[in-house]
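> To start, I am sharing the structure in question, which I have written as structure tokens.
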Amino acid sequence: MLSADMGDVVHSIPAPGYYSDGLAWDGDYLWVVNIADANHFDNYWYRIFKISSENGEIIESFSTGSYFHHGLTHDGNNLWSERNYTQIVKLSDNGQVMDQFSAVPLGVGLAYDFENEILFQSATQPGGIYLIDPFTGNQIGELPIPDDIDYGWCDLAFDGTYLWHTNVSTDLIYKINPETGETLASFETPSGQCEGLTFDGHYLWASDTNLDLLYQIDIEFQPSNPCGEWELGDSNLDGNINIQDIILLVNYILGGNVWDDCQLSIMDVNGDSNYDILDMVALVTIILGT
């Protein structure tokens, strides 16, 4: 697919079992909560799977015993999951319980804010999004329900800037401001029973508990640009575009040094990932204002 709009499915894979809902991403693999699969030859009732996002291949899995789980997230080191609608548990990648505390009742979704070390938890009915301190289990905040819909809420995802929340009563996925709870956008889910949600660094993933499919969904994600304060062509990052920038660009092309991480992107004036006479021509054009 050459281009995609928000909500477009760019890839899909089979879920590892029947009624696989909660999803997490660890940086390399998807993790999937399976509530029940009595038809499996090993009678997989309650299980968490680590799978390939390319084809759904099961890398490993572990039983969660007599506990069923819904929401799932990963903090970079460990899994977090909601079990039996009443508890949040921190798990090692092999299923060992490392910590646990009470969840807001009817908890079904989790997402993790790495930068601020906040665990977001969602409840299904009545709906709600709660901010949890992952070290103490204490609730430290609450967000209003998107569009005042008080039922049908499922899993959460956090992309580093925005929360995403799926709802099976409206069949929509909502983009949410994590500070105010304001709904910023929404789009239709790929199918009618998408309960699990996670973010893989570029795309959302949603799990369909009816068709047993996992969907990779475009959200037009734009990562933050740390060099955005400088204009293209400002090679020396001094806030001005002039002959000094041309000199620095020429020195770089001839083998000089660059002392700032942003300079390479700023000096690539024509955006072709090369540094040559074409960038100099483009830079002169900017300076001359033509």
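Here, each number is a calculation from the coordinates, and none is a lab measurement. Nothing here was measured: the structure is a model prediction, and the numbers come from that model. For neighbour counting, all protein chains shown are included, and Cβ atoms are generated from backbone atoms with ideal geometry for every residue, glycine included.
> Could you tell me which of rounded, prolate or oblate describes the range 153-229, using a ≥ b ≥ c as the square roots of the eigenvalues of the alpha-carbon gyration tensor, with rounded for a/c under 1.5 and, failing that, prolate when a/b is larger than b/c and oblate otherwise?
Prolate, because a/c is 1.5 or more and a/b exceeds b/c.
> Now for a separate question. Enter the angle in degrees (range 0 to 90, nearest 10) between the Cα long axis of helix 277-288 and the first principal axis of the Cα atoms of the chain, meaning the one along which they spread out most.
Here the helix axis deviates by roughly 80 degrees.
> Let me ask something else. Taking other Cβ within 10 Å of each residue's Cβ, how do PHE114, PHE101 sort, fewest first?
Least to most surrounded, the residues fall as PHE114, PHE101.
> Moving on to the next point. Just to check, using Stokes-Einstein with a Kirkwood Rh over alpha carbon pairs, what's the diffusion coefficient of the chain at 20 °C and 1.002 mPa s in µm²/s?
My calculation gives 103 µm²/s for D.
> What list do you get for ILE253, ILE243, ILE219 if you sort them by fewest beta carbons within 10 Å?
Listing ILE253, ILE243, ILE219 from fewest to most nearby Cβ atoms yields ILE243, ILE253, ILE219.
> What does the charge dipole of the chain about its Cα centre add up to, to the nearest 20 debye, if the Cβ of each Lys and Arg holds +1 and the Cβ of each Asp and Glu holds -1?
800
> Sticking with this one: Determine, for VAL269, VAL32, VAL104, VAL281, the number of other Cβ atoms within 10 Å of each Cβ, and report the residues in order from fewest to most.
Final ranking by Cβ density, sparse to dense: VAL281, VAL104, VAL269, VAL32.
> Turning to a different aspect of this structure: Looking at the square roots a ≥ b ≥ c of the eigenvalues of the Cα gyration tensor of the range 1-120, which shape do they give, rounded for a/c under 1.5, prolate if a/b is larger than b/c, or oblate?
Taking the square roots of the gyration eigenvalues as a ≥ b ≥ c, the range 1-120 is oblate.
> What do you get for the angle between helix 243-253 and the principal long axis of the chain? Use alpha-carbon atoms, 0 to 90 degrees, nearest ten.
Result, in degrees: 70.
> I've got another one for you. With no solvent and one point on each alpha carbon, what is the Debye value of log10 I(q)/I(0) for the range 112-261 at q = 0.17, 0.18 Å⁻¹?
Normalising to I(0) and taking log10 leaves -0.91, -0.99.
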